[in-house]
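Here is the structure we will look at, set down as structure tokens.
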Amino acid sequence: MRKEGLAAVIAVLVVTSLGIGYLSGINNRATETMTSISTSTVTSTTTSTSTETSVLTPGILVPVSSASTLNPTTGLSLNLNLSTNSNGWVIFTVYEFNTLDRANNVSVADSWPSNTSLFRWVQEPYEENASMVGYEMLQGNYGLSNFTQGTALWLQPPPSLVGCCAESQPPTSYAFQPLSEANVLSGSYPGYFVGGSTFTPFSPGTYTVLAGDEWGEVAILHFTVAG
């Protein structure tokens, strides 16, 4: 009788132990599942918030933010970037990039795109009166095939003509370091000037931003102002 009683007690202890282990395993698996779901949800929420923030610039849409044109003869790439800020200003950035993995000495060409307008074409001075890159803005939707039909808007008041044309010795070439950018030109604009002196904010519609260099290359981007 004692042996049978002892066996019964041992059997009860074994069953109880197995039950506790089984319940512990369920609890562990439940904890692991909840942790996995929580991590996935946080990641998804963060991504969604970041995307919404990046497109909520008031009133201005930039469908494509960058464009470049490679000149195979010089090895230079003309680059144009568009962006906006929270105040609704449009930011233009243009620069030359030496695509060669060696130093590049490029001769001056003075072959700017044909529709450049004096003082409406914003240029980057390299020395004295010399420039190698510039940009302008046209009201309307223009492309490479018809941008010469547009008229550049005044992005800044015209400077005084007094003393503007003093003669200086222009450079005959430009030196670029390997795989590097040069002559970065950037400007921020909330509107433009009418008649060269009266400022006006952007009106609804499409605008064309044209970048050019003295080797005749052109890069074009657009932005739209909501009604």
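The values are calculated or read from the model by the stated rules, or taken from the named source; none is laboratory data. On a predicted model such as this, the values are computed, not experimentally measured, just so you know. Because the Cβ atoms are built from the backbone with ideal geometry, glycine has one as well, and the counts that use them run over all protein chains shown. Side chains are part of the model used for accessible areas, which takes the heavy atoms of the whole protein and leaves out ligands, DNA and RNA. Shrake-Rupley method; radii C 1.70, N 1.55, O 1.52, S 1.80 Å.
Details
- Region 194-217 residues that are touching a residue at least 60 places away in the same chain (Cβ under 8 Å) and surrounded by 12 or more Cβ atoms within 10 Å (Cβ to Cβ), paired with ones that are outside any strand (DSSP E or B) and of a type in the set (Asp, Glu) (beta carbon under 7 Å, 6 or more apart): Glu214/Asp110
- Residue match in region 107-119 (condition: assigned to a strand (DSSP E or B), modelled with pLDDT of 65 or more and either over 24 Å from the mean Cα position of the chain (by Cα) or not aromatic (Phe, Trp, Tyr) (or both)): yes
- Leading residue by the ranking (modelled with the lowest pLDDT) among those in region 151-162 that are under 22 Å from Asp110 (Cβ atoms) and either surrounded by fewer than 19 Cβ atoms within 10 Å (Cβ to Cβ) or touching a Cys at 6+ places or on another chain (Cβ under 7 Å) (or both): Leu161
- All positions within region 218-227 that are open to solvent by 60 Å² or more (accessible area, probe 1.4 Å) and in a strand (DSSP E or B): none
- Residue ID - farthest from Asn85 (Cα to Cα), chosen from residues in region 172-191 that are open to solvent by 20 Å² or more (accessible area, probe 1.4 Å) and over 22 Å from the mean Cα position of the chain (by Cα): Thr172
- Residue list for region 60-87, filter: more than 12 Å from Ile220 (Cβ to Cβ), polar (S, T, N, Q) and surrounded by fewer than 16 Cβ atoms within 10 Å (Cβ to Cβ): Ser65, Thr73, Asn85, Ser86, Asn87
- Flag for Phe176 being of a type outside the set (Ser, Thr, Tyr) and modelled with pLDDT of 95 or more: yes
- Restricting attention to region 137-147, the residues that are in contact (Cβ under 8 Å) with a residue 12 or more places away in the chain and loosely packed, with under 13 Cβ neighbours inside 10 Å total 2.
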